[in-house]
Every structure is written in structure tokens, then in C-alpha cells.
Ligand code: UDP
Ligand code: MG
């Protein structure tokens with residue numbers, strides 16, 4: 001890529017209302033990596049922020065030519081913002097990380113070291129963090145347990161969207177056009193040579209989490225339904241089981257009638273109506289969930305729209321080696 005220096009590393013950082021975190025993240029990355037012999041580019045993907053995030057990124061680009069912005073046309077969600085950055089980045093590898101400093105910049109050195117050893121994907125596993133709210137820890141481990149039980153893929157506990165992928169993987173991923181993106185699952189599914197690194201997350205530096213309970217639940221559903229049709233199979237199995245039960249119950253009811261012992265049990269009738277009624281609704285709901293996904297996917301809409309960017313295809317070849325002194329004095 002760049003003649004003077006060995007390799008270019010692209011950072012892809014999705015940004016949604018992270019105004020106070022941007023400067024510090026860039027500063028920490030620069031001071032952590034300045035002694036390594038690479039060229040870096042920092043691609044901030046603004047995912048429809050409503051605060052000053054984009055203006056701050058633009059201000060930074062004026063001071064540091066290795067910083068780029070991609071402005072999406074609206075809020076498409078974390079996964080789509082990541083994909084936009086991965087699609088556009090030209091580096092020899094891409095490191096994706098969150099903007100809030102929960103993914104410690106110091107761990108990036110380990111990602112790069114493993115990449116240099118020849119791994120295609122270096123992903124991370126978040127270690128249990130006692131400082132995180134109990135509810136977040138519990139729901140997170142519940143999510144991975146459920147995902148692994150139901151889907152056909154085994155995702156390790158705490159797998160985060162903090163990882164390094166090389167060019168081969170980026171090329172493979174550029175062909176993916178799934179509307180319901182669940183990148184950490186796709187990474188596992190993709191194969192290649194992978195290596196895991198454990199890290200202790202830091203606390204979010206500023207602002208608040210964009211994943212409330214509702215969003216986490218829908219993310220969990222996405223994870224399960226985009227990797228498995230097992231819920232549909234379960235419905236079929238349950239259907240068979242209920243059919244077998246009814247094969248016993250129906251003759252029992254008929255015999256009771258004929259021998260005159262049909263005590264008209266109101267309670268049992270109500271229970272079975274409620275039970276089977278709700279079961280059917282649940283099953284139709286699950287089928288509907290998959291059907292909805294088919295409808296959305298059949299439209300083949302693009303995953304995101306870019307409103308504006310200062311990133312050009314030859315950006316990587318024009319990059320400058322980061323100057324530690326300069327980058328730290330920016331903030
Ligand atoms: N993010 C995004 N679009 C969204 C929500 C989040 O680009 O719609 C970004 C956010 O700015 C951050 C990362 O995705 O860089 C992870 O979000 P967050 O820290 O809120 O998630 P949490 O760590 O709480 O799970
Ligand atoms: Mg976070």
C-alpha cells in the first residue's frame with residue numbers, strides 16, 4: 001500500500017452521540033501505537049449522531065490528515081455502521097472498536113502482534129467485569145447461553161465487536177449483503193485462522209450506553225434468528241408431540257362419552273383452550289418473525305447510505321506517519 005512504510009492499519013469506529021469520547025480515544029490510540037512501524041488511518045463512521053460528534057470529527061480531520069469521517073444518512077445501527085467502515089477501509093487490516101473507550105486501546109497492540117503472526121482474525125472476549133451492572137452481566141451471559149443452545153454456532157461468552165480482520169476477511173465480507181447484520185456471529189461462521197484475546201473492559205468514559213434492554217433483546221433475537229432455523233424445527237417437533245398426545249386424549253374422551261362418564265369439565269376445557277390458543281399464537285409469531293426477515297431481505301435494499309465522506313479510495317496511499325507529539329497536543 002504505502003511504499004515507505006510496511007503496512008496500513010485502518011481503525012473503524014462507529015459513532016453515535018459520542019462527542020466527549022472522540023478526542024480521548026484518538027489521543028490514547030496514538031500514544032499507545034506511536035512506536036510501532038505502521039501507518040494508521042482512523043475512520044469514524046457517524047451513525048446519524050444528533051450531537052456535535054460529526055462537527056468534532058471534522059475539526060479533527062483538519063488537524064490530522066489520518067482521520068476520516070463517513071457520515072451515514074441516518075442512524076442505521078451499530079452493526080451497519082461497522083459494515084460501512086469495513087466496506088470502505090483500504091488498510092491491510094481493519095481494527096473495529098467502540099468509541100467509548102470500553103475497548104481498551106492498549107489491547108490493540110496484542111491484536112496487531114497476533115496479526116503479524118499470521119492470524120486472519122484476532123477477536124476479543126470480554127472478561128467478566130465486576131463494575132458492570134449486575135443486570136447487564138446476567139443478560140449478557142444469558143444471551144450467549146441461549147444463542148449457543150438454539151443456534152448452530154458456538155459463540156464464546158463476551159465476544160465483542162472489538163477485533164482485527166485482515167484483507168482476506170474484508171474481501172469475503174464485502175460479498176455479504178445480509179440485512180440483519182450480526183457481525184460477531186458472521187465472523188465465527190466465516191472461519192479463517194482465528195485467535196482470541198481476553199480483555200478487561202474499561203468503564204464508558206462519557207455519555208451513556210445506546211443499548212437499552214429493548215435493543216439488547218432485539219439484538220439477541222437477531223443473533224438467534226439469523227443463524228438458525230431451529231426455532232422453526234422446534235415448532236414442528238412440538239406439533240408432533242401434541243399430535244401424539246391428542247391421539248391418546250381423543251379416544252379417551254370418546255370412550256368416556258360412550259360409557260356415560262363424560263363429566264363436562266369446564267376447568268379442563270378452559271385450560272386446554274388457553275394453552276393451545278397461546279401455543280399456536282407463539283408458533284405463528286415465530287414463523288412470522290422469519291417471514292418478516294424474508295420480506296425485508298427480498299427487497300435487497302442497501303445496508304446503509306453514505307451522505308458525505310472525506311475518504312477516497314487512494315486515502316491509504318497518502319497517509320502520513322502519525323506524529324505522537326502532534327496528535328497528543330491536539331486535545
Ligand atoms: N453505536 C452506533 N450506532 C448505534 C448505537 C451505537 O454507531 O445506533 C456505537 C456507539 O457510538 C459505540 C458503539 O456503537 O461506539 C457501542 O455502543 P454502546 O457503547 O452504546 O454499547 P454498549 O457498550 O453499552 O453495549
Ligand atoms: Mg460501550
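The values are calculated or read from the model by the stated rules, or taken from the named source; none is laboratory data. This is a predicted model, so every value here is computed, not measured. Every residue, glycine as well, gets a Cβ built from its backbone with ideal geometry; the counts of neighbours run over all protein chains shown.
Per-structure values
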{"read-out": "Residue 284 vs. criteria assigned to a helix (DSSP H, G or I) and modelled with pLDDT of 80 or more", "value": "yes"}
{"read-out": "Test: residue in region 22-40 that is under 15 Å from residue 308 (Cβ atoms) and within 13 Å of ligand 1 (Cβ to nearest atom)", "value": "no"}
{"read-out": "From the options 9, 13, residue that is within 16 Å of ligand 2 (Cβ to nearest atom), touching a strand residue (DSSP E or B) at 6+ places or on another chain (Cβ under 9 Å) and either modelled with pLDDT of 95 or more or in a strand (DSSP E or B) (or both)", "value": "13"}
{"read-out": "Matching entry among 11, 76, 44 (being in contact with a helix residue (DSSP H, G or I) (Cβ under 8 Å, 6 or more places away or on another chain), within 13 Å of ligand 1 (Cβ to nearest atom) and under 20 Å from residue 124 (Cα atoms))", "value": "11"}
{"read-out": "Selected residue (only one of 261, 210, 230 is more than 16 Å from ligand 1 (Cβ to nearest atom) and touching a residue at least 40 places away in the same chain (Cβ under 8 Å))", "value": "230"}
{"read-out": "First in region 193-204 and in contact (Cβ under 8 Å) with a residue 24 or more places away in the chain and over 23 Å from residue 172 (Cα atoms), second anywhere and part of a strand (DSSP E or B) and within 16 Å of ligand 1 (Cβ to nearest atom), Cβ under 6 Å, 6 or more apart", "value": "198/125; 199/124; 201/126"}
{"read-out": "Which listed residue is part of a helix (DSSP H, G or I), within 29 Å of residue 297 (Cα to Cα), in contact (Cβ under 8 Å) with a residue 60 or more places away in the chain and touching a helix residue (DSSP H, G or I) at 6+ places or on another chain (Cβ under 6 Å), from 147, 181", "value": "147"}
{"read-out": "Selection within region 294-310 - farther than 18 Å from residue 173 by Cα and in a helix (DSSP H, G or I)", "value": "294, 295, 296, 298"}
{"read-out": "Evaluation of residue 111 against (1) closer than 30 Å to residue 230 by Cβ; (2) buried (at least 19 other Cβ atoms within 10 Å of the Cβ); (3) away from ligand 1 (no atom under 16 Å from the Cβ) (one fails), failing number", "value": "(1)"}
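Yes or no, residue by residue, for (1) in contact with a strand residue (DSSP E or B) (Cβ under 7 Å, 6 or more places away or on another chain); (2) more than 16 Å from ligand 2 (Cβ to nearest atom); (3) more than 20 Å from residue 201 (Cα to Cα):
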site	(1), (2), (3)
58	yes, yes, yes
85	yes, yes, yes
88	yes, yes, yes
96	yes, no, no
99	yes, no, no
106	no, yes, no
109	no, yes, no
